[in-house]
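The values are calculated or read from the model by the stated rules, or taken from the named source; none is laboratory data. Just so we're clear, the structure is a prediction, and the values are computed from it rather than from any experiment. Cβ placement follows ideal geometry from the backbone for every residue including glycine, while neighbour counts extend to all protein chains displayed. Note: areas computed on protein heavy atoms with side chains; ligands, DNA, RNA excluded. Shrake-Rupley method; radii C 1.70, N 1.55, O 1.52, S 1.80 Å.
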Amino acid sequence: MKERLDYIDIAKGLGIILVVYSHTVYPDLMFYALAFYVPVFFFCAGYTSSKKDISLKDNFARHAIKLLKPYLFFNLVLILYFHDFILRAILGVLYSRYCLYPLGTRTDICQLFVVGNYPMWFLTCMVIAYLLYYLIVYHPRYRYYIISLYLVITVGMEFIPILLPWSIDTAFLMAIVMYAGTTFRRNFPDCFTKRNPAPIVLLAIIAYLLLLPLCHDINLSVRMYGPSMIAYLFAAITGSILLLALSRLLQGCVVGKGLQHIGQHSLTIFCIEGLFLFWGQQIAGYIPNGLLSQEETLITTAIIQTIIAIIGGYLLSLLLHSNKRIEKIIFH
């Protein structure tokens, strides 16, 4: 069994909290983390992955099964809960995209994820990204040519009038982020073994701060990279390094251990957060009118939603993992 790295689980814990908060009624506070709070999961996947003594097909299939089984299970749960069996809901699960048309291109963007399953585009995107990532890993002689091709394809796909199924149009870029994680660990294997930040981490922090002004209007789920796709790519990588460095500093303390547990169950939280966010907003609706200003009400609601979604998803994940048969059906 592959050894778990505590700071990777902590980074996933921080990442999933940021992801959940970004889906609340007041995501405005996300600006400083906008470029990396989703890519960090791809970076961590590459950081902990390696070429094994099995074929590319078998290696890819292993990851695809572990991602698609919870994808189908939690989509079914949400469809049953909301009793929404319309054709658009079913097509949304198959197409696995928030909407068909890019935001701002038309009045009706044809929303496809309509049962609170909007965060689950991430799972199918990672399936495609794993395939593209392993094409690089299994053909190291041609890695620079493949990466260059991925960049060209990503730029070209920005001109496609629709968002492609399973985030094919963004998966090429995320495969590069995954490979950046692999490359970083190979070249700097001892970077996070000590609490003191390594020089490369300090450089990453400086680079991220310089790139921050270009990190706006970003939404990976709908192919929005901000003013510059290249700037976004480097911000995603340097921001991920920054978050891993912070996670290493938290390792061993009470907060770090809590985040570590959350990170170990981030997949379930990703899948089911929409339902708990809905419940959190309903609970926040009991705040008496006039007690808080409009902005304070939104911030309070967002915090309540985040807490409910994290705790609810975590406890549900513990419950599902407690039964080995259910755990095998959903996660293995």
> For segment 28-178, what is the relative contact order in percent, using Cα pairs closer than 8 Å and at least 6 residues apart in sequence?
Replying inline: 30
>> Testing the spin-label approximation: label points 7 Å from Cα along Cα→Cβ at C110 and Y286. State their distance in nm.
In response: 4.2
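Keeping every protein chain present and rolling a 1.4 Å probe, give me the accessible area per residue for segment 135-244 in Å². Before the final figure, lay out the partial values.
Values: 5330 Å² over 110 residues.
Per-residue value: 48 Å².
Counting only protein heavy atoms and using a 1.4 Å probe, what share of the accessible area of segment 232-332 belongs to carbon plus sulfur, as a whole percent? All intermediate terms of the calculation are to be shown ahead of the outcome.
Values: 3450 of 5050 Å².
Of all accessible area on segment 232-332, carbon and sulfur atoms account for 68 percent.
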> Tell me, what HN-Hα J-couplings in whole Hz come from the Karplus equation 6.51 cos²θ - 1.76 cosθ + 1.60 at θ = phi - 60° for each residue of segment 144-160, using x for Gly and Pro?
Replying inline: 5, 5, 5, 4, 4, 5, 4, 5, 4, 4, 4, 5, x, 6, 5, 8, 6
> Per-residue HN-Hα couplings for segment 315-330, Karplus 6.51 cos²θ - 1.76 cosθ + 1.60 at θ = phi - 60°, whole Hz, x for Gly and Pro?
Replying inline: 5, 5, 5, 4, 5, 5, 7, 6, 9, 4, 5, 5, 4, 5, 5, 8
>> What FRET efficiency comes out for I200 versus S148 if R0 is 25 angstrom and r is the Cβ-Cβ distance? Round to the nearest 0.05.
In response: 0.60
> What is the distance, in nm, between label points placed 7 Å from the Cα along the Cα-to-Cβ direction at M30 and at F85?
Replying inline: 3.3
>> Skipping prolines and chain starts, which residues have an amide H placed within reach, meaning under 5 Å, of the one on M224, given they are 5 or more residues away or on another chain?
In response: N219
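Report the relative contact order of segment 121-187, percent, no decimals, based on alpha-carbon pairs under 8 angstrom and at least 6 residues apart.
Details: 49 pairs, mean separation 32.6, N = 67.
Over segment 121-187, the number comes to 49 percent.
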>> Using a Cα-Cα cut-off of under 20 Å, which aspartates and glutamates could be cross-linked to K66, ignoring same-chain neighbours fewer than 8 residues away?
In response: E3, D9, D53, D58, E273, E327
> Per residue, what accessible area does segment 252-318 have, given a 1.4 Å probe and all protein chains present, in Å²?
Replying inline: 51
>> Under 8 Å for C-alpha pairs, at least 6 residues apart: give me the relative contact order for the chain, rounded to a whole percent.
In response: 30
>> Based on alpha-carbon centroids, what's the gap between segment 167-231 and segment 23-81 in Å, whole number please?
In response: 16
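How about segment 147-235: which chymotrypsin sites (Phe, Trp or Tyr not before Pro) there are in a DSSP loop, with at most 11 other Cβ atoms within 10 Å of their Cβ?
Numbers: sites: Y150, F159, W166, F172, Y179, F184, F192, Y208, Y225, Y232, F234; in loops: F159, F192.
In loop regions of segment 147-235 (DSSP not H, G, I, E or B), the sparsely surrounded chymotrypsin sites (Phe, Trp or Tyr not before Pro) are F159.
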> Are there GluC sites (Glu not before Pro) in segment 234-309 that DSSP puts in a loop and that have at most 14 other Cβ atoms within 10 Å, and which ones?
Replying inline: none
> Where is the GNM fluctuation largest for the chain (alpha-carbon springs, 10 angstrom cutoff): M120, M229, M174?
Replying inline: M229
>> I need the phi-derived Karplus couplings for segment 294-300: 6.51 cos²θ - 1.76 cosθ + 1.60, θ = phi - 60°, integer Hz, Gly and Pro marked x.
In response: 4, 5, 5, 5, 5, 5, 4
